[in-house]
Amino acid sequence: MRAMETTSFKAAIVGAGPAGLTAAYQLAKQNVAVVVLESDPQYVGGISRTVNYKGFRLDIGGHRFFSKSREVEDLWTEIAGPDMLQRPRSSRIYYDGKFYTYPLKPFEALAKLGVVESVLCVLSFLWARVSPTRNPKTFGEWVSNQFGRRLFRTFFKTYTEKVWGMACNEISADWAAQRIKGLSLGSAIKHALLAKRKPKDRTRVVKTLIDTFRYPRLGPGMMWEACAEKIGRLGGVVRLGRKVTNCRFDSARNLWIVTARNTQGELEEYRADHLVSSMPIRELIAQIEPPLPEAAQEAARSLRYRDFLTVGLIVRDNSSRFSDNWIYIHDPSVQVGRVQNYKSWSPEMVPDPHYCSYGLEYFCFEGDGLWTSNDHELIELAKKEIQKIDLAAEADVVDGCVIRQPKAYPVYDDAYQQHVDTIRQALDENCPTLHLVGRNGMHKYNNQDHAMMTAMLTARNILADERIYDVWAVNQDAEYHESGAAGGRVAEIETQVPLRTLAKPQLQPQGEPVALTLER
């Protein structure tokens, strides 16, 4: 296999997901030479891509476009403009043969649970208020403090263990604090009572309680395809089908030499002053030369990931049964974890109004029984389960496909933070021009907008040729649920990023927060 000509850039970016493309776009707008290397031979967007199956578009994971950061909202508008729709938000939970509105409406939930169970749930919640677990360490402890242990077992335990494939007492409380901070039974009751009243303080409306969101009319992939096209127009390079195999740092020249294999099996070399990586940390550390200290390599090998696959079903239209964006399947009698209705995300996701397309999401580990099942077996399983949960009849399913997504979620086990800290220290000491961004790049369960924020700040650091901003502070102890009106200037930690150094006189001293407002 021949080695192709080496090309030089200011920044080489690994991965064409939201983080990688955002970093490339921000740099290309400043006339910086950038290249994006994406292993997928067809799609950009990473887990935010949209797969086209016979004209039916499938959103891998479901992506609401709603951020309290004005910079992110403005960037979405700048890229997609009139292709952004305003969509109603609707989702439910399926448990024990019943559907519950989500976010939970306490009175509806308690009524469906029955009098005895409802009383026990309320008593459990009150007990959690009186005697909470101090300094909760696990997911179960954290959620039980918020909702009571009985509601935790009913509405959180089964689904969470489906998603992660591990017991709730093995999952770090960081996961709960990041994903459902700000939502408790008390806040849900308050929202139910005051839902029709305009809140006095929009900064306290949590994400799970939002009523509408924006969405590209042809799915999230439309956003990132447009972004990649704009990068090209600005002089940047986006190359698909490039699997990065080696990242060598030449400390004498402060230069990265990145090797990638193209779809023809040929090796290509790219030289860059800066390397921006959104690939899983476990893969990146194994590729870095000279090798990092053994402690960092062992920490990287210890990081874990959860994979999932989507079974797309094409179904004769039955909107009366299923009009939600998605439904969380908490019932242990089926393996499916969540069901998407792509027509409810955008009618244009479906080419024929007489049909719907559903995405049944199965959480698994790469190589296990679900992952290795053939497509026919998975489609048959999905057909049976969609009928069992009463969202469609098997006979109404006319076609199907399977999409596998490796390393969809970084696992938050009880040791992950220690491993990440070890890796960060080694990278700080040995790779000063390596920048980690995005969900897998940082092993942080970032939302799309958080991933974009890490990329925006990384772009600023590269433009300054020094690490002015600490991208690890993005979404640190932040709420998964959006706070405030979309695009509002809300002074919360999620959009306050500490400066690492006093690089310029007009910047604030180290450690003081600064609002995420990027120069235009």
Calculated FRET efficiency for the pair residue 368/residue 348, C-beta based, R₀ 30 Å, to 0.05: 0.30
If you filter segment 221-299 for trypsin sites (Lys or Arg not before Pro), then keep DSSP loop positions with at most 12 other Cβ within 10 Å, what is left? 253
Inter-label distance for residue 251 and residue 301, nm, one decimal - labels placed 7 Å from Cα along Cα-to-Cβ: 2.3
Can you compute the FRET efficiency between residue 29 and residue 83 using 1/(1 + (r/R0)^6), with r the Cβ-Cβ distance and R0 = 30 Å? Round to the nearest 0.05. 0.90
For the peptides 78-88, 132-142, what is the packing order when you average, over each peptide's residues, the other Cβ atoms within 10 Å and list the highest mean first? 132-142, 78-88
In nm, the gap between the two label points placed 7 Å beyond Cα toward Cβ at residue 53 and residue 126 is 4.9
Pop a pseudo-label 7 angstrom from the Cα along the beta-carbon direction at both residue 414 and residue 8 and give the gap in nm to one decimal. 5.2
Segment 12-92 shape via C-alpha gyration tensor axes, a/c threshold 1.5: oblate
So between residue 465 and residue 425, what do we pick up on full extension, going 0.36 nm a residue minus the alpha carbon distance? 12.4 nm
If you project the alpha carbons of segment 316-366 onto their three principal axes, what span does each projection cover, largest first, in Å? 34, 25, 16
Please tell me which of these pairs span more than 31 angstrom C-alpha to C-alpha: 54/407; 137/343; 230/444; 383/444? 137/343; 383/444
For a footprinting-style exposure proxy, rank 29, 444 by other Cβ within 10 Å, fewest first. 29, 444
Taking the Cα centre of each part, how many Å lie between segment 314-362 and segment 22-63? 24
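Quick note: the coordinates plus some simple rules give every number you see, no bench work behind them. Given the structure is predicted, the values throughout are model-derived calculations rather than measurements. Glycine also receives a Cβ, built like all others from the backbone with ideal geometry; neighbour counts cover every protein chain displayed.
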